[in-house]
Every structure is written in C-alpha cells, then in structure tokens.
Amino acid sequence: MQDTIRALRALQELDTDIYRLKAELKRLPEERAKRRKDIDQQISRVEERQKAARELRTKIKEIEDTTSKERQRIRKLENEAANSRGDAASLAAYQHEIKTLKRDISNAEEQGLELVGQAESIESDIKSQRASIDDAEKTFAEFVKNVERETAEAQQKLDALLSQRKQRMAKDLAPESLGLYERLLVAREGVALALLDGRICQACYMEVPTNLYVRVARGVQLTQCPSCDRILFQSVS
Ligand SMILES: [Zn+2]
C-alpha cells in the first residue's frame, strides 16, 4: 500500500501542475477578452461624444446661416428706407422690422456662442479620450503578444505533463485506486490527496478519529478523510 501512496503522490504532483496550467490557459483568454471589452467601451463612449459634437456644430451652422440671411435683409430694408423719400408710415414700418431683426440676431448670436463653448469643451474631451485610447491600444497589443507567448508555453508544458502522466498511469497503480483518485481529483478541484499532520487533515483542517489515524499510519489500505473525502497520507510514507 505504501507503493500505491507513493505512486499517487507522484501523480498528484503532476496533476497539481496540470490543474494550474489548465487554469492559466482558461484565465489568459478571459483576461484578454475583458481588456478588449474595456477598450471597446471607451471607443463607443468617444463615438457618442463625437455624435453630440457634430450635432452641436450643425446647430451652430444653422444659426450662422439664419443670422447671415437676417443681416442681408437688414441691409435691404435700410436701402429701401433711404429711398422711401420721407414717407413717415413706411419709414416707421422699416425701422420696426430692422429693430426686430437686430434683436433676433443678438439672441441667436448669444445662443450660438453658448453652443460653441459646449462644442469646444466636448471636442477637447474627445481629444484627451482619444489619446488615452491610443495608450490603451498599445498596452493591449503588448498584452496580446504576451498572452500568445504564455499560452504557447503553458500549452507546451501541459502537453509534456499529460504525456508523462499517461506513462506513469500505465504502471504502479491498481485500477480501483486510480479510479478513486481520479474521481476525487475532479470532485476536489485538482487536489485528491491530503497530508495528515498529527490527526489534522491539511486539506480541510478537520481532526480525524484516532482509529483512522492509526489506519493511515499502518498504511495497509487507502484511507479517506471523513470530512473532505481526500486520500490521507503521512509525511513519512
Ligand atoms: Zn479532509
């Protein structure tokens, strides 16, 4: 039975590395996807800001077109007033319309200035956000390169470990011992064995009964922790 325990401990050593590598191979693409998503969200926020800036610029242009037409109209009215040869009623009408137009222009210009201020502030935001996206893209490209390298390395190590494991499994172990070990490996996330230190299981930190401790010490059969089910071993075995 000590041979079985030894073989299982050797297997557990391999499996611990295998589990670690598999976790790494799962984590790396998840991390990459998360970082990509963060940048894409930044990009779509900037696109929204750009849309808002374009809309403001369109409004500003409309205001400019309107006031420029109103100015032309004022010039025309001033001309007509100058040529009206003192007809008091029509002169008053011209002046009234000119006054109204000037007031409209002044209001529109005030609004236009306010909109220009808003547009400029948004455009300056966009500029700094663009710069931060550029930085993020550079960092991301670097990260992707590292991920590819780390993934290839991890995969290579994993393949080597898996082939070592296959060789080791073929000998040394009775099928029922191996079967128990493998079930526990899956059920206990890669840790099927537990060191028994004194009477304390070092995987779940529960105390085992004395008779169980004695059984592990004798090492005549595989003994499982009553609390976490893992196969117990002592450091001497
Ligand atoms: Zn335990």
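The trypsin sites (Lys or Arg not before Pro) of region 1-90 that DSSP puts in a loop, and whose beta carbon has at most 13 other beta carbons within 10 Å, are ARG85.
For region 70-194, the solvent-accessible area of protein heavy atoms averages 68 Å² per residue (probe radius 1.4 Å; ligands and nucleic acids excluded). Report, in listed order, any pair from LYS22/LYS138; LYS26/LYS127; LYS59/LYS99; LYS37/LYS61; LYS61/LYS99; LYS59/LYS138 with a Cα-Cα distance greater than 32 Å. Over 32 Å Cα-Cα: LYS26/LYS127; LYS37/LYS61; LYS59/LYS138.
Here the Gaussian network model covers the chain, with springs between Cα atoms less than 10 Å apart; of SER124, SER90, SER68, SER90 fluctuates the most. Once a ≥ b ≥ c are taken as the square roots of the eigenvalues of the Cα gyration tensor of region 136-193, is the result rounded (a/c under 1.5), prolate (a/b larger than b/c) or oblate (a/b not larger than b/c)? Oblate, because a/c is 1.5 or more while a/b does not exceed b/c. Shape class of region 195-237 from the alpha-carbon gyration tensor: rounded, with the ratio a/c of largest to smallest axis under 1.5.
Counting only protein heavy atoms and a probe of 1.4 Å, the accessible surface of region 14-173 is 50% carbon and sulfur. Within the listed set ALA152, ALA88, ALA160, the residue fluctuating most in the Gaussian network model of the chain (springs between alpha-carbon atoms under 10 angstrom) is ALA88. Cross-link partners for LYS51 among the aspartates and glutamates, with Cα-Cα distance under 16 Å and sequence neighbours closer than 8 places in the same chain left out: GLU120, GLU123, ASP125. Hey, any idea what % of region 174-237's accessible area is carbon plus sulfur with a 1.4 Å probe? C and S atoms contribute 51 percent here. Taking a ≥ b ≥ c as the square roots of the eigenvalues of the Cα gyration tensor, region 1-131 is prolate, since a/c reaches 1.5 or more and a/b is larger than b/c. The GNM of the chain, with springs linking C-alpha atoms under 10 angstrom apart, assigns the highest mean-square fluctuation among THR16, THR139, THR66 to THR66.
The values are calculated or read from the model by the stated rules, or taken from the named source; none is laboratory data. Remember, predicted model here, so these are calculated numbers, not experimental data. Neighbour counts run over all protein chains shown; Cβ positions are idealised from the backbone, glycine included. Only protein heavy atoms, including side chains, enter the accessible area calculation; ligands, DNA and RNA are left aside. Shrake-Rupley method; radii C 1.70, N 1.55, O 1.52, S 1.80 Å.
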